Each structure stands twice: as structure tokens, then as C-alpha cells.
1. Compute the signed sum of charges (Lys and Arg +1, Asp and Glu -1) over the other residues within less than 15 Å, Cβ to Cβ, of LEU39.
2. Give me the number: length gained by fully extending ILE3 to VAL63, i.e. 0.36 nm times residue separation minus the C-alpha to C-alpha distance, one decimal in nm.
3. Calculate, for CYS47 and ASN16, the FRET efficiency according to 1/(1 + (r/R0)^6) with r their C-beta to C-beta distance and R0 22 Å; round to the nearest 0.05.
Amino acid sequence: MTIDGQWSLVGSANWNIRSLRLNFELTVEIYDPDLAGKLTGFIDARCVQPITLEEIDSRPFLVKHSGTPRRAVRCPIYETRLKRGLP
């Protein structure tokens, strides 16, 4: 994750109370604009692809209405998880 093009968080933690307090997660915080730019390029090249309303409408009900903003874009990693029936 990159924030404001300067700050990066790299690791396994999810942004929820369980992951931040109960699970054993590892995340590194880095303040480096050059690295943030490279990570943003990496993420955009691999995970950010706009999708159409028809694609959203064709998704299973529980996936479509889960309320998670990350599902507003198509990401190959997420699509693989979806095919396997994982959240």
C-alpha cells in the first residue's frame, strides 16, 4: 500500500482489528518517495483494471454485496482467490 506517494506499507497485515491486534502479521513501514513511486507503478501494472457494471452484476450475490471497496477493481490475485472460492 502506498499513501500520498511517499509512505509505503509492505507486508501481510490486513486493515482490520483482528489482523492488527490478534493475528501474527508482519508489515514494514517505509518513508521513501522513490520506493513509493515504484510500488505504485508495480501495483497499478498488475492489479488495477477498471471493470464494467455488467461484470459486477454477473458476480455471485455474496461477493457483489460484501461491502469491501477492494472489489471495485479487478486484480489477478483476487480473481484467482475468487475462482477458488476464497474471500
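1. Numbers: positive: LYS38, ARG46; negative: ASP4, GLU29, ASP32, ASP34, ASP44.
Here the charged neighbours net out to -3.
2. So the extension gain works out to 18.9 nm.
3. The calculated FRET efficiency here is 0.65.
Every number in this text was worked out from the coordinates using simple rules, so none of it is lab data. Bear in mind that the values here come from a model prediction, so they are computed numbers and not experimental data. In this analysis, Cβ positions are derived from the backbone assuming ideal geometry, glycine residues included, and neighbour counts consider all displayed protein chains.
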